[in-house]
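Scroll down for the structure; my scribbles are underneath it.
The values are calculated or read from the model by the stated rules, or taken from the named source; none is laboratory data. Bear in mind that the values here come from a model prediction, so they are computed numbers and not experimental data. In this analysis, Cβ positions are derived from the backbone assuming ideal geometry, glycine residues included, and neighbour counts consider all displayed protein chains. Note: accessible area is taken over every heavy atom of the protein model, side chains too, but ligands, DNA and RNA are not part of it. Shrake-Rupley method; radii C 1.70, N 1.55, O 1.52, S 1.80 Å.
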Amino acid sequence: MLKKHKLKECHNPDCSNTFKQYNSLQKYCSPTCQKTHAKPKRINKVSKKRKEDNEIYSIIRLEFLSKEYNQICFIEECNRPATSVEHTRGRIGYADDWARENDITLFLDVRFWKPCCIEHNLELENNSELSKKHQLSRIHGGKKT
């Protein structure tokens, strides 16, 4: 004896069709009907956690750059004012057990920040040779070789 499938009504209010539902996610009789009615879910540009971290970061960053010894770019022979922060160990993860226990990610860990002008900050992102010279290794915490 074959099972009779119950016909479902299309979720589009402008459509009165019924259809055979093949899985529980199917709500519309056709892709065309779905496109005209269903609104795609927007993915957030920034996660909730990163949004919270960004609020903290903007405050700490201004405090960091306002200190007298952090007002000039750290790159040798560059005397431009520092307008950004270089994360010398990256921004993802924790530096050590102390940071993990206190929930301070590398993104917010001031111990590994250096004052930087925007020109050199962009150059450090794009120039691997310069980044090897000025950034720290994630493996051993020392200079990259």
Quiz prompt | Failed criterion for HIS37 (all others in (1) loosely packed, with under 14 Cβ neighbours inside 10 Å; (2) modelled with pLDDT under 85 hold) | solution = (1)
Exercise. Could you tell me whether the stretch 94-105 includes any residue that is open to solvent by 100 Å² or more (accessible area, probe 1.4 Å), of a type outside the set (A, V, I, L, M), more than 30 Å from ASN12 (Cα to Cα) and touching a strand residue (DSSP E or B) at 6+ places or on another chain (Cβ under 7 Å)?
Key: no
Quiz item: ARG111 versus (1) part of a helix (DSSP H, G or I); (2) at pLDDT below 85: which is the lone unmet condition?
Solution: (2)
Practice problem: List every residue pair whose Cβ atoms sit under 7 Å apart, with the two residues 6 or more apart in sequence or on different chains, where the first one lies in the stretch 42-57 and is open to solvent by 70 Å² or more (accessible area, probe 1.4 Å) and the second, anywhere, is of a type in the set (Gly, Ala, Ser). | Solution: none
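For every residue, the table says whether it meets (1) of a type in the set (A, V, I, L, M, F, W, C); (2) touching a Lys or Arg at 6+ places or on another chain (Cβ under 7 Å).
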site: TYR69; (1), (2): no, no
site: ALA82; (1), (2): yes, no
site: THR88; (1), (2): no, yes
site: GLY93; (1), (2): no, no
site: ARG100; (1), (2): no, no
Practice problem: Look at the stretch 1-34 and say how many of its residues are of a type in the set (D, E, K, R) and open to solvent by 100 Å² or more (accessible area, probe 1.4 Å). | Solution: 5
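Those residues that are among the hydrophobic types (A, V, I, L, M, F, W, C) and outside any helix (DSSP H, G or I), I need them from the stretch 62-107; list them, please.
At the first step, the residues of the stretch 62-107 found to be among the hydrophobic types (A, V, I, L, M, F, W, C) are 62, 64-65, 72-75, 78, 82, 85, 92, 95, 98-99, 104, 106-107.
If the condition is that a residue be among the hydrophobic types (A, V, I, L, M, F, W, C) and outside any helix (DSSP H, G or I), then ILE72, CYS73, PHE74, ILE75, CYS78, ALA82, VAL85, ILE92, ALA95, ILE104, LEU106, PHE107 are the ones that fit.
Residue-by-condition table, conditions (1) under 21 Å from ARG50 (Cβ atoms); (2) open to solvent by less than 70 Å² (accessible area, probe 1.4 Å); (3) in contact with a helix residue (DSSP H, G or I) (Cβ under 6 Å, 6 or more places away or on another chain); (4) modelled with pLDDT under 80:
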position: GLN71; (1), (2), (3), (4): no, no, no, no
position: GLU77; (1), (2), (3), (4): no, no, no, no
position: SER84; (1), (2), (3), (4): yes, yes, yes, no
position: HIS120; (1), (2), (3), (4): no, yes, no, no
position: SER131; (1), (2), (3), (4): no, yes, yes, yes
position: HIS140; (1), (2), (3), (4): no, no, no, yes
